[in-house]
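Trainee: Before I ask anything, let me first share the structure, which is written out below as structure tokens.
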Amino acid sequence: MSSIDTLFKTLRSQNRKAFMPFVTAGDPDLEFTSALLRRLVDRGSSMCELGIPYSDPIADGPVIQASYTRALDAGLHVADIFDMLAGTTPELPAPVVTMVSYSIVYRIGLAQYVARAKAAGVAGAIVPDLPVQESDDLAKVCRSEDFSLIQLVTPTTPPDRAKQIADKTTGFIYYVSVTGITGERTELPPQIVDNVAWLREQTDLPVCIGFGISRPEHVRMLAPVADGLIVGSAIVRRVAEAATRDRQSVLSEIADYVDQLLAAMP
Amino acid sequence: MGATSQVPDQAGRFGAFGGRYVPETLTRALDELTRQYDEACRDESFRAELEDLSRHYVGRPSPLYHAERLTARCGGAQIYLKREDLNHTGAHKINNTLGQALLTRRMGKPRVIAETGAGQHGVATATACARFGFECVVYMGEEDIRRQKPNVFSMRLLGAEVRPVSTGSRTLRDAVNEAMRDWMATVENTHYILGSSVGPDPFPRIVRDFQSVIGRETRRQCLEQIGRLPDTIVACCGGGSNAAGMFYPFIDDAEVKLVGVEAGGRSEKLGDHAATLNFGRPGVLHGAFSYVMQDDDGQTADVHSVSAGLDYPGVGPEHSFWKDTGRVQYTYANDRETLDAFDALAKSEGILPALESSHAVAKAVEIAAQMNKDEVVVVCLSGRGDKDAAEIARLRGEHF
């Protein structure tokens, strides 16, 4: 049983939901990322999603793209990210999963990537450009290492395919709330509620919702139907200011923002 | 596995290459495109309509022209030019955009998006959209907008919206990223007319098939004009659509030597060229497993070419398959050789070739010089060079 399975088992037994912030590794540098992860968990995040910067992220909107570009322009390498994680995860009482392009996983090597991530205390991976029919090789490696491979279901996924994805997923299912790229939305489509309710009937796996979530009213709408919520661009946008402003005050502002969202959780 | 024309398989694989590495959001649209395309292939009226457009709208068949003065200049094999530059809109790109426009109409989608590098695919897409009445948005890198101004203006005249892309290297690769992002959000009412034989399955197959008219005509014209198949065929290769269309009908003719010419740029140093099959390695980019230019972390490397249309860090998966099976030989021409070839063709034959096609001319001339006078080299002259006049003037320090 992975640390992600344990987390959701505990949360479900307490009738609680997971709050999962997404942050970009190395923006503006890894020291800040490490401090941010600690702060986010300290405030009550159940799990953290760490974005591994990629040069061509086609599923990401302008905010996350820009954060990836800043990190890569500063000379960030994947090895540096794993070093930071190895020093951070032992004191972090919450699982960390990486959001990573298959371009990176393939280049580093499937077994090598999983081994290095696991050694750095990472519990799983979300690979947004690896659809289920291409995922067998990586799924095999992940299974043998008890490393979760979190797959995505979207509003355009037909029901039969959603069941197939659920069968191949470990850890939790990532339900993408909108047809589009990452980024804050003012309003979210109301049919998410029914779609996620249907999906949860098809599987015992936890279902977490991401993309677009940024406001307390989004949390109030979606937390009751899901096992967890993922908030990315709204945090990454605030991190962008850390390059030019006092870091402690940026960390405090993000913590305050997260508090507002957590207060809206059931 | 040897090279064969019986690819890709059901999973969109050309040997080990190809596949579909895209966000789940796009899966349904790609499945729908596959289904509609397979149905269209079996539909006699679809084929007839495309053939009619090719003949009366594009001006096909394009001539196979014996370049006698260029041949005399080289002193070797007879050089023939497949004149895709004479097509409506001045390049081979229209073959694909009309085919995909017919598919768009079949799918009932009112809006089309496209990426463009040199602007040839953008113009060909804008043209097809005007002809069929679709809304059209073309993504183009800011650097490419600078060096291909005439095409940018043409697209606007044709009613398309050109959206500048300011991320990354501000070239073709970034334009593909932006088009994919647009498609992620608009997939229900929008078709993405991808312009090269790259991207997720079924695009490499669809683009190759629509461009294969080049090779089919060349084959027939060779038999009519010289009474046999050519000895060697040369085509430039960025993403590789003109090369795929030219080579594919010859894949099973083992006696015909096929040569793809990549962009050698300024030097052989990483970042100075775009010769992906010569210097890259297998990896994943823009939805397919193929040769790519990447660093050890899988980050896409910067590339350079004097021609915007070849300035791309990836290549179509079928080319990777042909390279690894040895069926096609891939070489490269650098910027200087390319500009010399442009001059040679302009002065000896009165034809201004696109800088992309000039890469093929550069290597064809070199190859022909080593061959006998009774042998034949065919060059795919994929596009015309008017669009490059201002950029060539700039490179020479001349006032345009």
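Trainee: So for region B:15-28 (the condition being assigned to a loop (DSSP other than H, G, I, E, B), buried (at least 20 other Cβ atoms within 10 Å of the Cβ) and of a type in the set (Val, Ile, Thr)), does at least one residue qualify?
Mentor: Yes; the residues of region B:15-28 include at least one that is assigned to a loop (DSSP other than H, G, I, E, B), buried (at least 20 other Cβ atoms within 10 Å of the Cβ) and of a type in the set (Val, Ile, Thr).
Trainee: Another question about this same structure. What number of residues in region B:241-259 are part of a helix (DSSP H, G or I) and surrounded by fewer than 21 Cβ atoms within 10 Å (Cβ to Cβ)?
Mentor: Summing the residues that are part of a helix (DSSP H, G or I) and surrounded by fewer than 21 Cβ atoms within 10 Å (Cβ to Cβ) in region B:241-259 gives 1.
Trainee: Based on what the data block shows, is residue A:64 touching a residue at least 40 places away in the same chain (Cβ under 8 Å), part of a helix (DSSP H, G or I) and facing chain B (nearest Cβ under 10 Å)?
Mentor: Judged against the criteria, residue A:64 is not a match.
Trainee: What about residue A:51, is it within 9 Å of another protein chain (Cβ to nearest Cβ), closer than 28 Å to residue B:21 by Cβ, surrounded by 21 or more Cβ atoms within 10 Å (Cβ to Cβ) and of a type in the set (Gly, Ala, Ser)?
Mentor: No: the conditions fail for residue A:51.
Trainee: Check region B:91-107 and report whether any residue there is outside any loop (DSSP other than H, G, I, E, B), surrounded by fewer than 17 Cβ atoms within 10 Å (Cβ to Cβ) and touching a Ser or Thr at 6+ places or on another chain (Cβ under 9 Å).
Mentor: no
Trainee: Tally the residues that are within 14 Å of chain A (Cβ to nearest Cβ) and touching a Leu at 6+ places or on another chain (Cβ under 9 Å), restricting the search to region B:13-49.
Mentor: Qualifying residue count, region B:13-49: 7.
Trainee: Could I ask something else about it? Considering only residues that are hydroxyl-bearing (Ser, Thr, Tyr) and either under 20 Å from the mean Cα position of the chain (by Cα) or more than 14 Å from every other protein chain (Cβ to nearest Cβ) (or both), which ones fall in region A:139-156?
Mentor: Of everything in region A:139-156, those that are hydroxyl-bearing (Ser, Thr, Tyr) and either under 20 Å from the mean Cα position of the chain (by Cα) or more than 14 Å from every other protein chain (Cβ to nearest Cβ) (or both) turn out to be A:144, A:148, A:154.
Trainee: Same structure again: Which of the following residues is surrounded by fewer than 20 Cβ atoms within 10 Å (Cβ to Cβ), more than 14 Å from chain A (Cβ to nearest Cβ), in contact (Cβ under 8 Å) with a residue 12 or more places away in the chain and not in a strand (DSSP E or B): B:54, B:62, B:5?
Mentor: B:5
Trainee: Another question about this same structure. With a cut-off of at least 3 residues that are buried (at least 23 other Cβ atoms within 10 Å of the Cβ) and in contact (Cβ under 8 Å) with a residue 60 or more places away in the chain, name the helices (runs of 4 or more DSSP H) lying wholly within region B:131-240.
Mentor: Of the helices (runs of 4 or more DSSP H) lying wholly inside region B:131-240, those with at least 3 residues that are buried (at least 23 other Cβ atoms within 10 Å of the Cβ) and in contact (Cβ under 8 Å) with a residue 60 or more places away in the chain span B:172-186, B:203-211, B:213-225.
Trainee: I'd like the residue in region A:95-128 that is crowded, with 21+ Cβ neighbours inside 10 Å and in a loop (DSSP other than H, G, I, E, B) and, out of all such residues, is nearest to the other protein chains (Cβ to nearest Cβ).
Mentor: By that ranking, first place goes to A:128.
Trainee: Looking only at region B:314-359, how many residues end up being over 18 Å from the mean Cα position of the chain (by Cα), basic (Lys, Arg) and part of a helix (DSSP H, G or I)?
Mentor: Final tally of qualifying residues: 2.
Trainee: A further question follows. Which one is farthest from the chain's Cα centre (by Cα) among residues in region A:215-233 that are assigned to a loop (DSSP other than H, G, I, E, B) and either of a type in the set (Val, Ile, Thr) or farther than 16 Å from residue A:51 by Cβ (or both)?
Mentor: Going through the qualifying residues, I end up with A:215.
Trainee: Evaluate region B:279-287: report whether one residue or more is assigned to a helix (DSSP H, G or I), farther than 18 Å from residue B:208 by Cβ and either modelled with pLDDT of 95 or more or more than 14 Å from chain A (Cβ to nearest Cβ) (or both).
Mentor: yes
Trainee: Mind listing whichever residues of region A:68-94 are surrounded by fewer than 21 Cβ atoms within 10 Å (Cβ to Cβ), facing chain B (nearest Cβ under 8 Å) and in contact with an Asp or Glu (Cβ under 7 Å, 6 or more places away or on another chain)?
Mentor: Across region A:68-94, the qualifying residue is only A:77.
Trainee: Quick one: would you say residue B:49 is of a type in the set (D, E, K, R), touching a helix residue (DSSP H, G or I) at 6+ places or on another chain (Cβ under 9 Å), surrounded by 20 or more Cβ atoms within 10 Å (Cβ to Cβ) and without any contact (Cβ under 8 Å) to a residue 60 or more places away in the chain?
Mentor: So residue B:49 fails the test.
Trainee: To continue, here is another question. So, in region B:322-348, of the ones that are buried (at least 24 other Cβ atoms within 10 Å of the Cβ) and not aliphatic (A, V, I, L, M), which residue ends up nearest to residue B:203 (Cα to Cα)?
Mentor: Step by step, filter region B:322-348, then rank; the result is B:322.
Trainee: Taking the criterion of being part of a helix (DSSP H, G or I), polar (S, T, N, Q) and surrounded by fewer than 24 Cβ atoms within 10 Å (Cβ to Cβ), would at least one residue in region B:371-387 satisfy it?
Mentor: no
Trainee: Something else now. Report yes if some residue within region A:83-92 is among the hydroxyl-bearing types (Ser, Thr, Tyr) and out of contact with any Ser or Thr (no Cβ under 9 Å at 6 or more places or on another chain); otherwise report no.
Mentor: yes
The values are calculated or read from the model by the stated rules, or taken from the named source; none is laboratory data. Values in this document were obtained by computation on a predicted structure and should not be read as measured data. All Cβ positions, glycine included, derive from the backbone under ideal geometry; neighbour counts span all protein chains shown.
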